[in-house]
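Some notes on the structure that comes next.
The values are calculated or read from the model by the stated rules, or taken from the named source; none is laboratory data. Computed from a predicted structure; not experimentally measured. Here the Cβ positions follow ideal geometry from the backbone for every residue, glycine too, while neighbour counts run over all protein chains shown. Heads up: the accessible areas ignore ligands, DNA and RNA and are worked out on the full protein's heavy atoms, side chains in. Shrake-Rupley method; radii C 1.70, N 1.55, O 1.52, S 1.80 Å.
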Amino acid sequence: MSRTTPFASPLLLGFDTMEKTLERISKASDGYPPYNIERMRADRLSGEPERLRITLAVAGFSEDDLDVTTEENQLLIRGRQVEQGDRERDYLYRGIAARQFQRVFVLADGMQVLGATLKNGLLSVDLIRPEPDRIVKKINISVSQ
């Protein structure tokens, strides 16, 4: 039995890598850490453009435990906490464990990361998409005689 995909149309050329990326992301999502994605309206007074904000709940992580990078068309957010062997403490119950995570967001062409901030256990990453230049290119047609 063959499976049809959204990119199976003969009019969609070169989208095979996007299809593979979507499959990989759908398999890799475990729900941790929870996150929000917001559209922030443009502010004409301050000149701020419309942007997207991704906010992750990263309570217990410090700036040194977090890594925000872009690689090709992906935004990668990683968190690594180091277990500290504290000999002065004996936990009676330990419900807050050092946990690692990696969250991947696929970015459309032209998306740019403005910056990231960590405040009150929330990591916010702001993104913008500048208006692309509209380029019309004339293709000459050669005629053989």
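For R134, the criteria (1) farther than 23 Å from G31 by Cα; (2) open to solvent by less than 80 Å² (accessible area, probe 1.4 Å) hold in every case but one, which is (2).
Only a single criterion out of (1) out of contact with any Lys or Arg (no Cβ under 9 Å at 6 or more places or on another chain); (2) open to solvent by less than 100 Å² (accessible area, probe 1.4 Å) is not satisfied by L52, namely (1). The residue list V58, V104 contains one member that is over 24 Å from T17 (Cα atoms), open to solvent by less than 50 Å² (accessible area, probe 1.4 Å) and touching a helix residue (DSSP H, G or I) at 6+ places or on another chain (Cβ under 9 Å), which is V58. When V82, V136, V143 are checked against the criterion of being assigned to a loop (DSSP other than H, G, I, E, B), more than 12 Å from the chain's Cα centre (by Cα) and touching a residue at least 12 places away in the same chain (Cβ under 8 Å), a single residue qualifies: V82. Every condition in (1) open to solvent by 30 Å² or more (accessible area, probe 1.4 Å); (2) modelled with pLDDT of 90 or more; (3) under 17 Å from D67 (Cβ atoms) holds for L123 except the one numbered (1).
Determine if the stretch 136-144 includes at least one residue that is within 30 Å of P34 (Cβ to Cβ) and of a type in the set (G, A, S). Don't jump to the end; show me each part of the working.
Step one: filter the stretch 136-144 for residues within 30 Å of P34 (Cβ to Cβ), giving none.
No, that holds for no residue.
All of (1) loosely packed, with under 10 Cβ neighbours inside 10 Å; (2) in contact with a Pro (Cβ under 8 Å, 6 or more places away or on another chain) hold for L92 with one exception: (2). Here T70 clears all of (1) in a loop (DSSP other than H, G, I, E, B); (2) at pLDDT 85 or above except the condition numbered (1).
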